[in-house]
Amino acid sequence: MAGRIGVLALQGDVSEHALAFTRALGEKGEVSLFRDASDIPTFDGIALPGGESTTIMRLIHKAGMQRPLQQYEGGIFATCAGMVLLASEVQDDSLFEPLGIMDMTVKRNAFGRQRESFEADIECNGLSSPFHAIFIRAPVATRVGYGTEVLASVPQGYAAVRHGLHMAFAFHPELGGDLRFHRLFLERLGL
Ligand code: GLN
């Protein structure tokens, strides 16, 4: 059966996610951009892009997507701002209410001004060689809940985590052309 991946197209690097999943899926499925809450249950997997988490969260509320995303039973692939949205708690910001889909605490802009954006080859569980990770005003996870697998760490915290069908990244695996994480995500969805 052909798989369906939906990319949340409210703000952020939507087309980069669509391209990466289109490549990773090949003949095995198709990628759609979505802006309507009613589309959510039709996807096997959803990508929450990087961008500006406060803006995306505001637009999620406006589109009535909060509950449908929280009730979604497929896999979620979240990068950067998407990682912030997926979290249960944002450190040092009690006003920001994330979706609470993954039990973890996330710190926004965790690398400070000097290292706002940088690239690094990092060791990752489940990959046989380092991943060239692109960090852009990135968050990190500072706490993860029981049953969450840490796939990659940096001195500031956890940079890639997995729980069930969901994966969240502080960096941007949709940039740079290395699709190994996308394939791991799709494999677990049976695609
Ligand atoms: N700093 C942004 C935020 O917290 C995330 C940056 C990104 O997605 N590249 O929303």
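Tabulated results
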{"item": "Calculated log₁₀ intensity ratio I(q)/I(0) where the Debye formula runs over C-alpha points of the stretch 25-137, q = 0.17 Å⁻¹", "result": "-0.97"}
{"item": "DSSP beta bridge pairing in the stretch 18-151, given as percent antiparallel to the nearest 5", "result": "60"}
{"item": "Cα point-scatterer Debye curve for the chain, base-10 log of I(q)/I(0) at q = 0.18 Å⁻¹", "result": "-1.22"}
{"item": "All-pairs Cα distance distribution in the stretch 55-112, expressed in whole percent, bin size 5 Å", "result": "4, 18, 30, 28, 14, 4, 1, 0"}
{"item": "Of the DSSP H helices in the chain, those whose Cα atoms cover at least 15 Å axially and whose Kyte score averages 0.0 or more", "result": "14-25"}
{"item": "Taking the stretch 1-143 and dividing mean pair separation by its residue count, relative contact order in percent (alpha carbons under 8 Å, at least six apart)", "result": "18"}
{"item": "DSSP-assigned coil residues among GluC sites (Glu not before Pro) in the stretch 67-148, each with at most 12 further Cβ atoms within 10 Å", "result": "73, 116, 123"}
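Read-outs throughout are calculated quantities, based only on the coordinates presented, and are distinct from any laboratory measurement. Just so we're clear, the structure is a prediction, and the values are computed from it rather than from any experiment. With ideal geometry, Cβ positions are generated from the backbone for all residues, glycine too; neighbour counts draw on all protein chains shown.
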